[in-house]
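A quick write-up on the structure given underneath.
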Amino acid sequence: MSGRQDNAVECPVCQGAMKLGRLYAPEDSAVYWFPDDREIELWFLTGKKVTDQGGVVLGRTYRGLFRSKDRPETWHCPRCRLLITCLEQEETE
């Protein structure tokens, strides 16, 4: 998705135009997805703890810290309220 213009992506659900943006979190914390059937210890959270339990860190983090290095590209469909995020390939620590 990198380098595309705002009007270049069509929503896979409603075929409407999607808007390009980025995901943010307070205090530069990394954003992550975690499965409902798992529990994660939030004390000293790291990217490795998230991924080891089947979660996904959105964007890259600094080694040993759960701080975001960058913000992942995310497309938003205002009609469907759907987000599509481009996950980074680099491993997190």
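FYI, it's all coordinate maths here, none of it is from the lab. For clarity, every value in this text was computed on a predicted model and none was experimentally measured. Note that we place each Cβ from the backbone using ideal geometry, even for glycine, and neighbour counts take in every protein chain shown.
Descriptive notes on the structure:
- Residue 61 long-range amide H proximity, modeled H, under 5 Å: 69, 93
- For the listed peptides 33-39, 66-72, 18-24, a ranking on the average number of other beta carbons within 10 Å per residue, highest first, reads 66-72, 18-24, 33-39.
- Mean separation of Cα pairs under 8 Å and 6 or more residues apart, divided by the residue count, gives the chain a relative contact order of 30 percent.
- Under Karplus coefficients 6.51, -1.76 and 1.60, residue-wise ³J(HN,Hα) of the range 18-34 in Hz, glycine/proline x: 9, 10, 7, x, 9, 8, 10, 9, x, 6, 6, 5, 6, 9, 9, 10, 9
- Interchain or long-range residues, amide H under 5 Å from residue 22's placed H: 74
- Correct option for Cα Rg over 2.2 N^0.38 Å [calculated from the coordinates] among (i) 1.24; (ii) 1.45; (iii) 1.18: (iii)
- Under 14 Å, Cβ to Cβ, from residue 83 - net charge with Lys/Arg +1 and Asp/Glu -1: +4
- Listed by chain and number, the lysines placed with their C-alpha closer than 20 angstrom to that of residue 69 are 48, 49; residues fewer than eight positions away on the same chain are left out.
- J(HN,Hα) series, the range 42-53, from Karplus relation 6.51 cos²θ - 1.76 cosθ + 1.60, nearest Hz, glycine and proline x: 7, 5, 6, 5, 10, x, 5, 4, 5, 6, 5, 9
- Taking a Cβ cut-off of under 12 Å around residue 16, the surrounding Lys, Arg, Asp and Glu residues balance to a net charge of +2, with basic ones at +1 and acidic ones at -1.
- Listed peptides 8-15, 58-65 by packing density, highest first (mean Cβ within 10 Å): 58-65, 8-15
- Residue-by-residue Karplus 3J(HN,Hα) for the range 77-86, coefficients 6.51, -1.76, 1.60, Hz, glycine and proline x: 9, x, 6, 8, 6, 9, 10, 10, 10, 8
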